[in-house]
1. Any residue in segment 41-67 that's assigned to a helix (DSSP H, G or I): show its pairings with residues that are hydroxyl-bearing (S, T, Y) at Cβ separation under 8 Å, as long as the two are six or more apart or on different chains.
2. Which members of segment 13-24 meet the condition of being open to solvent by 60 Å² or more (accessible area, probe 1.4 Å) and part of a helix (DSSP H, G or I)?
3. Residues of segment 349-358 being surrounded by fewer than 21 Cβ atoms within 10 Å (Cβ to Cβ) and either among the aliphatic types (A, V, I, L, M) or under 21 Å from R331 (Cβ atoms) (or both), which ones?
4. Within segment 335-346, identify whether any single residue is surrounded by 14 or more Cβ atoms within 10 Å (Cβ to Cβ) and assigned to a strand (DSSP E or B), and answer yes or no.
5. When you look at F38, is it within 25 Å of G318 (Cα to Cα), open to solvent by less than 50 Å² (accessible area, probe 1.4 Å) and either assigned to a helix (DSSP H, G or I) or in the same structural domain as N174 (by TED's automatic domain parsing) (or both), yes or no?
6. Among the numbered conditions (1) under 18 Å from M322 (Cα atoms); (2) assigned to a helix (DSSP H, G or I); (3) open to solvent by 40 Å² or more (accessible area, probe 1.4 Å), tell me where Y94 comes up short.
7. For segment 396-411, which positions are farther than 25 Å from L74 by Cα and within 11 Å of ligand 1 (Cβ to nearest atom)?
8. Would you check if V263 is in contact (Cβ under 8 Å) with a residue 24 or more places away in the chain, among the hydrophobic types (A, V, I, L, M, F, W, C), over 15 Å from T408 (Cα atoms) and surrounded by 18 or more Cβ atoms within 10 Å (Cβ to Cβ)?
Amino acid sequence: MHRPDPQKLTEALAARFASPTRSTRLTVVLGRWLALSFTVCFLTGLFSHGLQNPPSWMFFPTSPVWIYQLSQGLHVSAGIASIPLLLAKLWSVYPELLRWPPVKSLSHGLERASIALFIASSLLQLTTGLINTYKWYPWPFPFRETHYWLAWVIFGSLLLHIAVKLPAIMANWNGRAVRAAELKAELKGTGGSPGPGRTDAPSAAGAQGLGPAPGRWSRRAFLAGVGVTTGAVVLTTAGQSFSWLSPLNFFAPRVMGTGPQSVPVNRTSADAKVADLATSGQWSLAVTYGGTRKTFSLADLRALPQYDQELPIACVEGWSQMARWRGVRIRDLVSAVGAPPRSALRVTSLEPEGPYRLMSMPPEYVEDERTLVALELNGSVLDIEHGYPARIIARGRPGVLQTKWLQTVEVL
Ligand SMILES: Nc1nc2c(c(=O)[nH]1)N[C@H]1C(S)=C(S)[C@@H](COP(=O)(O)O)O[C@H]1N2
Ligand SMILES: [Mo]
């Protein structure tokens with residue numbers, strides 16, 4: 001029996017999949033775009049995670065009012081852009097996966113392992129992240145923790161990958177130099193060069209005289225195609241986060257201006273099992289500070305000075321919506337129980353269970369005059385789906401912290 005030689009087999013495969021478009025230059029250009037989108041995702045993700053799980057040094061900006069809308073809109077949009085970019089980059093390098101032997105040395109093995117880790121964790125991160133924006137959690141693990149730790153794995157393996165590939169990246173950084181080298185090779189009659197730093201299948205195809213440097217032009221066309229695709233998926237989804245793109249929102253799950261009182265709803269009163277308690281007529285808000293406890297009925301709250309604020313709901317899932325809120329300042333309630341305005345709070349919701357039943361509010365938001373216990377939304381009494389009888393609305397915080405259906409406010 002004749003056993004196939006793995007070396008020959010992979011060479012045949014590489015020739016089968018050879019495309020003059022593939023070159024190190026192409027991979028480097030895609031890698032730069034991808035590094036940019038991943039960095040945007042990583043930094044905005046750290047910011048969002050820090051707001052929800054603050055480390056001791058966390059800062060809590062409350063201005064500009066759209067800061068979290070912007071940062072989370074960028075997070076989700078850059079994540080969506082990363083999907084076509086990552087697929088294109090994988091296409092540009094996948095003949096490498098067929099190389100034989102798969103591991104040549106210890107350092108080569110480590111390098112390949114880090115790339116495998118990077119690819120696997122990136123694909124997992126982007127698909128679960130995308131699915132999450134469609135409000136679908138078909139996995140048993142907690143999304144946010146997993147998303148956070150995967151981000152560190154991805155960023156660490158990305159830095160390692162960049163360090164290992166630095167010579168090839170540098171050699172192919174400057175497009176002009178790469179094109180000049182290709183032109184030179186073309187004039188010498190050696191056909192299309194894959195550019196410095198790469199000696200894979202395309203050069204073999206070129207050396208066989210398959211025409212004058214087709215790689216250069218098809219590379220441009222390919223990059224233009226990737227750019228157009230990426231732009232299209234971003235433009236047709238980013239309208240969920242950026243109102244000026246709202247008319248182009250064809251694919252994102254949330255459409256601005258829809259829902260009760262023209263604001264979308266994530267968790268409904270039925271999901272949260274609060275409808276009975278919220279509408280019983282017995283509702284009151286308890287505010288406590290040490291041994292002091294005051295309860296405010298809805299009529300009591302309405303009798304306090306009312307303030308108007310134009311503030312967005314900006315969900316971690318990327319959608320956001322500007323709205324007009326009216327209600328009582330949280331700092332007025334804090335001073336009603338004799339506590340200093342610069343206090344931290346623990347706030348609970350009527351919800352019997354669930355991760356958003358309990359919310360901590362750092363002093364930055366409590367002393368801010370614009371943080372409200374909102375009773376009205378867009379000119380009418382708060383809809384039950386938006387947190388009736390009362391909800392929190394503060395500047396610059398993720399939607400998950402804008403607690404609906406308030407029950408207690410505890411000054412710590
Ligand atoms: N008690 C409670 N408050 C909550 C939630 C929740 O599940 N329970 N969901 C939050 C989330 S994820 C968002 S994005 C906002 C959405 O507010 P809206 O439904 O009024 O648009 O409410 C937040 N407040
Ligand atoms: Mo949310």
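1. Listed by first residue and then by second, the contacts come to C41/S82; T44/S71; G45/Y148; F47/S71; S48/Y68; S48/S71; H49/Y148; L51/Y68.
2. If the condition is that a residue be open to solvent by 60 Å² or more (accessible area, probe 1.4 Å) and part of a helix (DSSP H, G or I), then L13, A15, R16, F17 are the ones that fit.
3. L358
4. Yes, segment 335-346 contains at least one residue that is surrounded by 14 or more Cβ atoms within 10 Å (Cβ to Cβ) and assigned to a strand (DSSP E or B).
5. Taking the combined requirement at face value, the residue satisfies it.
6. (1)
7. K404, W405, L406, Q407
8. For V263, the condition - in contact (Cβ under 8 Å) with a residue 24 or more places away in the chain, among the hydrophobic types (A, V, I, L, M, F, W, C), over 15 Å from T408 (Cα atoms) and surrounded by 18 or more Cβ atoms within 10 Å (Cβ to Cβ) - is met.
The values are calculated or read from the model by the stated rules, or taken from the named source; none is laboratory data. This is a predicted model, so every value here is computed, not measured. For neighbour counting, all protein chains shown are included, and Cβ atoms are generated from backbone atoms with ideal geometry for every residue, glycine included. Heads up: the accessible areas ignore ligands, DNA and RNA and are worked out on the full protein's heavy atoms, side chains in. Shrake-Rupley method; radii C 1.70, N 1.55, O 1.52, S 1.80 Å.
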